[in-house]
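Laboratory data are not the source of any read-out in this text; all were calculated from the coordinates shown. Owing to the predicted nature of the structure, the values given are computational and were not obtained by experimental measurement. Note: ideal-geometry Cβ built from the backbone for every residue, glycine included; neighbour counts use all protein chains shown.
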Amino acid sequence: MSEGENAPTIRAVDLFCGVGGLTYGLVQAGIEVVAGIDIDPACKYPYEANNKAKFIERDVNELSASDVAAMIGGADISMIAGCAPCQPFSTYSRSGRSKKRGDDWQLVETFGKLVKEVQPDLVTMENVPQLLDHPVFDQFLENLDGYSVEWSVVQAVRVGIPQTRKRLVLIASKLGADGLTLAQDTERVRTVREAIGRLRPIEAGESDPKDRLHVASRLSKTNLERIRHSKPGGTWRDWPDALQAACHRKSTGATYPSVYGRMSWDDASPTITTQCFGYGNGRFGHPEQDRAISLREAAILQTFPPKYKFVPPGEPVRFSVLGRLIGNAVPVRLGEVVGQTIVAHASRFRPPESRVGAERGTPGQEPRGDHLARS
């Protein structure tokens with residue numbers, strides 16, 4: 001029997017879902033994601049406009065095991081997925097809502113406790129590699145007692161993502177140990193040119209009349225001169241002395257060689273961050289146009305589809321908000337590769353019914369997240 005014929009139904013919930021990068025990728029791989037949960041209300045429109053899943057604006061700390069189990073019950077296989085924001089590395093923690101988000105690595109602990117209580121068939125977590133150096137990771141593994149677990153630090157360029165990002169990916173399964181390793185291509189690197197080379201040229205401060213997300217931030221007269229002297233893949237050291245900032249000429253300035261840099265067409269981009277729309281915030285200059293990359297280009301480098309919707313009709317494009325949403329997102333392609341690995345793994349087993357559905361769900365009732373949604 002082929003893998004496709006033997007593919008079971010995998011029903012998942014996406015914790016800390018953001019704008020839906022992980023959800024979109026998992027769905028592309030054949031996983032049914034029924035709900036995404038996040039405390040940030042700005043995520044609602046992009047999540048629901050691009051995914052069939054329900055967005056639930058809620059603090060994950062307030063979720064109960066029965067809440068989650070009801071959503072993922074009734075399928076062949078149940079799954080919890082998510083990327084818990086980590087305060088030491090999360091810009092959202094500095095946005096005035098840090099108290100609601102939790103402290104330090106507390107959300108990873110919450111994620112682990114939910115998994116332990118719900119006992120889904122499958123678990124996947126994506127996070128920063130630094131998590132491996134913190135005791136909370138060992139605590140998370142303790143919550144996976146009874147699971148087969150694989151984790152690795154994934155280089156984004158090795159899974160078809162055109163940026164140098166590195167992420168920790170964990171997959172855990174109650175079904176068995178075979179096929180949990182994420183495949184990484186050791187040769188193929190997708191370039192900036194392949195990703196954004198066909199987008200309409202625009203100038204700093206200009207937007208594409210056919211795509212208002214394809215908009216670049218304005219540049220001061222000085223920064224416009226600086227980027228005109230910047231070389232692809234180069235740094236501020238390429239500028240004439242008169243354009244170099246005083247802080248760069250100090251010995252401490254050598255610590256930040258990539259600020260005010262241009263991307264190179266034939267390489268991967270740097271890690272897309274929440275400040276990627278600003279020329280002075282990293283190597284975020286366009287490879288040949290005298291501007292920083294646009295919000296749409298940033299989203300495409302995060303492997304979102306070119307027409308992924310981020311802004312409700314009639315609302316303004318806000319760089320700070322959209323930069324945060326795009327920079328904090330799980331790249332769609334990473335979600336898809338994780339999903340493909342999980343589907344192939346699950347297809348080897350195909351249990352007769354969902355353990356969570358049998359233990360906690362309501363037979364014959366389609367699980368939904370509506371009972372958690374706020375009016």
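How long is the gain from Asp208 to Val317 if the chain were fully straight, where each residue apart is worth 0.36 nm and the alpha carbon distance is subtracted?
Working: separation 109, 0.36 × 109 = 39.24 nm, distance 1.25 nm.
Stretched out fully, the Asp208 to Val317 stretch lengthens by 38.0 nm.
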Discussion item. Cut-off is 10 Å between beta-carbons; in what order do Asp185, Asp14 appear when sorted fewest neighbours first?
Written reply: Asp185, Asp14
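Apply 1/(1 + (r/R0)^6) to the Cβ-Cβ distance of Glu150 and Glu48, taking R0 = 25 Å, and write down the FRET efficiency to the nearest 0.05.
Details: r = 32 Å, r/R0 = 1.28.
In this case the efficiency is close to 0.20.
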Response to the item:
Length gained, Glu225-Glu142, 0.36 nm per residue minus C-alpha separation, equals 24.4 nm
Discussion item. Run the numbers for Arg200 and Gln244: contour at 0.36 nm per residue of separation, minus the present Cα-Cα distance, in nm.
Written reply: 12.8 nm
Worksheet, complete the sentence: Most packed first (mean Cβ within 10 Å per residue), the peptides 22-30, 137-145 order as 22-30, 137-145
